[in-house]
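*Asks:* Dropping the structure in here first, questions after.
The values are calculated or read from the model by the stated rules, or taken from the named source; none is laboratory data. Owing to the predicted nature of the structure, the values given are computational and were not obtained by experimental measurement. Note that each Cβ is placed from the backbone with ideal geometry, even for glycine, and that neighbours are counted across all protein chains shown.
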Amino acid sequence: MVLPVLKYGHPMLRQKGARIERVTAEVKALIEDMIETMHAARGIGLAAQQVGRALQLAVVDVREVTDRPSSLELDGEPAEVASFMPVVLINPQIKDIGPCVDGPEGCLSFPEMYADISRAETIEVAAVNASGKPVVFRCGGLLARAIQHEADHLNGILFIDRMSSTVKRGLKPELETLHATTKEELVKSR
């Protein structure tokens, strides 16, 4: 089921997600809905907060992006990124490995807004997958960027928090409009 994606201004986007202790049928259903929602919105990542759930759960799928490469290592060996997608990350822990680089980012909670954000080029990820099994891998490029973006969401951090003050000032009118629209919709829905 495609879920509504919360927009900037919704308080859920600032909530730190609770750890998931067991992968229950409810969690599995949420994972399926999140993957379907991410694909329907033509996104490459989605965090539980973006669909109204304050949990340590994100999904990522970079297969559709062909102009921004990704790399993946499993057990120290290069692996095919496409065969690993979509990746489900429960309670992810991320360790920066490479230097930080600037790169373009967008966010489903900020429609049509983009900015260059500085993130680690390569990361190591430890998480639990949809089957409740631990996964550890190293990745780079767009996959690393997308995972870092979603991990931020799980901690209530938005990509606007990582923008330079100059870029954020340039987006101020759009951000204020989106924030106000979201607040109005919240009031109407009560």
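*Asks:* Considering (1) out of contact with any Phe, Trp or Tyr (no Cβ under 9 Å at 6 or more places or on another chain); (2) under 28 Å from Lys7 (Cα atoms); (3) not aromatic (Phe, Trp, Tyr), say which one Gly98 fails and leave the rest.
*Replies:* Just one mismatch for Gly98, condition (2).
Residues checked against (1) touching a residue at least 60 places away in the same chain (Cβ under 8 Å); (2) in contact with a Pro (Cβ under 9 Å, 6 or more places away or on another chain):
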site	(1), (2)
Ala115	no, yes
Ile123	no, no
Val128	yes, yes
Cys139	yes, no
Leu158	yes, no
Arg169	no, no
Glu174	yes, no
His179	yes, no
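*Asks:* Going through Leu55, Leu13, Leu46 one at a time, which residue ends up being surrounded by 19 or more Cβ atoms within 10 Å (Cβ to Cβ), at pLDDT 95 or above and more than 30 Å from Pro173 (Cα to Cα)? Quick ask: steps written out before the conclusion?
*Replies:* On the way: Leu13 fails: more than 30 Å from Pro173 (Cα to Cα); Leu46 fails: more than 30 Å from Pro173 (Cα to Cα).
Unique residue meeting the criteria: Leu55.
*Asks:* Every residue in the stretch 58-96 that is touching a Pro at 6+ places or on another chain (Cβ under 9 Å) and surrounded by fewer than 18 Cβ atoms within 10 Å (Cβ to Cβ), please.
*Replies:* Arg63, Arg68, Ser71
*Asks:* Here is a list of conditions, (1) surrounded by 14 or more Cβ atoms within 10 Å (Cβ to Cβ); (2) farther than 15 Å from Ala58 by Cα; (3) within 15 Å of the chain's Cα centre (by Cα), and Glu124 meets all of them except one; can you say which number that is?
*Replies:* In the conditions (1) surrounded by 14 or more Cβ atoms within 10 Å (Cβ to Cβ); (2) farther than 15 Å from Ala58 by Cα; (3) within 15 Å of the chain's Cα centre (by Cα), Glu124 misses (3) alone.
*Asks:* Hey, another quick one. Check every one of the strands (runs of 3 or more DSSP E) wholly within the stretch 10-101 and list those with 3 or more residues that are of a type in the set (A, V, I, L, M, F, W, C).
*Replies:* Values: elements: 45-47, 57-60, 70-74, 87-96.
Per the criteria, 57-60, 87-96.
*Asks:* Take Ala146 and decide whether it is in contact with a Gly (Cβ under 7 Å, 6 or more places away or on another chain), surrounded by 14 or more Cβ atoms within 10 Å (Cβ to Cβ), within 20 Å of Ala115 (Cβ to Cβ) and among the hydrophobic types (A, V, I, L, M, F, W, C).
*Replies:* Details: in contact with a Gly (Cβ under 7 Å, 6 or more places away or on another chain): yes; surrounded by 14 or more Cβ atoms within 10 Å (Cβ to Cβ): yes; within 20 Å of Ala115 (Cβ to Cβ): yes; among the hydrophobic types (A, V, I, L, M, F, W, C): yes.
Judged against the criteria, Ala146 is a match.
*Asks:* Additional query: How about the stretch 106-121: which of its residues are among the small types (Gly, Ala, Ser) and part of a strand (DSSP E or B)?
*Replies:* Let us first name the residues in the stretch 106-121 that are among the small types (Gly, Ala, Ser), namely 106, 109, 115, 118, 120.
Selection gives Gly106, Ala115, Ser118, Ala120.
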